[in-house]
Amino acid sequence: MSNCSFCQVIDETLRLGGIAIWLMREAKEDIQYQVPFLSAVHLDENVYNGALNFNPWRWMEPENEEKRNRRTSPFYAPFGGGARFCPGAELARLQIALFLRYFVTTYRLLNEVEKRQFQLRRSLRRLRTRCSRSVLSSSGTEERCRQRGI
Ligand code: HEM
């Protein structure tokens, strides 16, 4: 699952907010090698333009192609690396992609105004249904509906 349609969104989310940046490592003895803290790499302006911005399209840029290799890249390691590389990485990415697909194809995101319009339309539809049902049983209800212009 290296190139699903949601992969850029998943990769960008894991770059900015993955758990990898919180992992701590402690050297048991003094060493002469300096390992950059992962969050410093993931959020480094010299590595990623506008590093603090959520920009899934960055992963489509050819210059980021090599950086994006989560198994080998020193600039992108949301699932750790080396011998401790996360064995659940592909499963996790697949689950996230399935969830996102279900979410965006099943639900519609509305702003406050659209939400209000949606609720009003729904109430009107329900009233219409109720009215058309009660027309059969009660002329009083029919009259009330007529008065309300439904
Ligand atoms: C978005 C979801 C996930 C993220 C961001 C993530 C990230 C990581 C990271 C960064 C490590 C390395 C930890 C370290 O170096 O100490 C790790 C290790 C591990 N992950 Fe995940 N993981 C995810 C999902 C999963 C899933 C779904 C599973 C199992 C089904 C899993 C199982 C493991 C295991 C067993 C290790 C330990 C590997 C070892 O130490 O040899 N992870 N994960």
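Points worth noting:
- Extension gain, residue 118 to residue 19, is 31.9 nm, computed as 0.36 nm per intervening residue step minus the present C-alpha separation.
- Burial ranking of peptide ranges 8-18, 79-89 (average Cβ count within 10 Å, highest at the top): 8-18, 79-89
- For the range 62-77, 3J(HN,Hα) per residue [Karplus equation, 6.51 cos²θ - 1.76 cosθ + 1.60, θ = phi - 60°, Hz, x = Gly/Pro]: x, 5, 9, 4, 6, 4, 6, 5, 5, 8, 10, 6, x, 9, 8, 9
- Cα gyration tensor category, rounded, prolate or oblate, for the range 40-117 with a/c compared to 1.5: oblate
- Charge tally around residue 67: other residues with Cβ under 15 Å, Lys/Arg +1 each, Asp/Glu -1 each, net -3.
- Cα-projected label distance for residue 26 with residue 52, points at 7 Å along beta-carbon direction, nm: 3.1
- Descending by average beta-carbon neighbour count within 10 Å, the peptides 60-72, 115-127 line up as 60-72, 115-127, the highest first.
Just so you know, all these numbers are worked out from the coordinates, no wet-lab data involved. Bear in mind that the values here come from a model prediction, so they are computed numbers and not experimental data. Here Cβ is always computed from backbone atoms with ideal geometry, including for glycine, and neighbour counts include all displayed protein chains.
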